[in-house]
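A quick write-up on the structure given underneath.
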Amino acid sequence: MITYDGTTNPTEHASLYNHNVEASFVLEDKKDLCMCKGFGSTLAGTALTWYIYIARGNVKSFADLINLFNF
């Protein structure tokens, strides 16, 4: 998967990431956690810096993370 550096469409990147995770085997009860933790590995540059500095407690689910990401 191509990394996202903040210069292209964030919604498209999030959709592609979601599709890739859904296509892989992840236990259903661990999926949300895995999606949140793994998302950073798809980021680069300023997008990765943003991800690193998300305040603890601001993200309770992957949906929360994507809402912040698309803001």
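Over region 1-46, with the other protein chains present, what is the accessible area per residue in square angstrom, probe 1.4 angstrom?
67
Mark the label point 7 Å from the Cα of residue 60 along Cα→Cβ and return the residues of region 26-48 whose backbone N is within less than 20 Å of it.
Flagged as within label range: 29-37.
Just the number, please: Stokes-Einstein D of the chain in µm²/s, Kirkwood Rh from C-alpha pairs, 10 °C, 1.306 mPa s.
Estimated diffusion coefficient is 128 µm²/s.
Using modelled backbone amide H atoms (1.01 Å from N, in-plane), which distant-in-sequence or interchain residues come within less than 5 Å of residue 4's amide H?
Amide H to amide H, under 5 Å and 5 or more residues apart or across chains, residue 4 pairs with 43, 44.
What 222 nm value per residue comes from the helices of the chain, counting each DSSP H run with n ≥ 4 as -39,500 (n - 2.57) and dividing by all residues, nearest 500 deg cm²/dmol?
-16000 deg cm²/dmol
Could you give me the ³J(HN,Hα) list for region 33-45, computed from phi with Karplus coefficients 6.51, -1.76, 1.60 and θ = phi - 60°, whole Hz, x at Gly and Pro?
4, 4, 5, 5, 5, x, 4, x, 6, 9, 10, 8, x
What's the carbon and sulfur percent of region 1-66's accessible surface, probe 1.4 angstrom, rounded to a whole number?
Solvent-exposed carbon and sulfur of region 1-66 make up 58 percent of the total.
Can you compute 3J(HN,Hα) from phi for each residue in region 14-27, using the Karplus curve 6.51 cos²θ - 1.76 cosθ + 1.60 with θ = phi - 60°, rounded to whole Hz and x for Gly and Pro?
Karplus values, whole Hz, x for Gly and Pro: 4, 5, 5, 4, 4, 4, 5, 5, 4, 7, 9, 8, 9, 4.
The values are calculated or read from the model by the stated rules, or taken from the named source; none is laboratory data. Worth saying up front: this structure is predicted, and the values here are computed from it rather than measured. Here the Cβ is made from the backbone with ideal geometry for all residues, glycine too, and neighbour counts use every protein chain on show. Remember, those area values only see protein heavy atoms, side chains included, never the ligands or the DNA or RNA. Shrake-Rupley method; radii C 1.70, N 1.55, O 1.52, S 1.80 Å.
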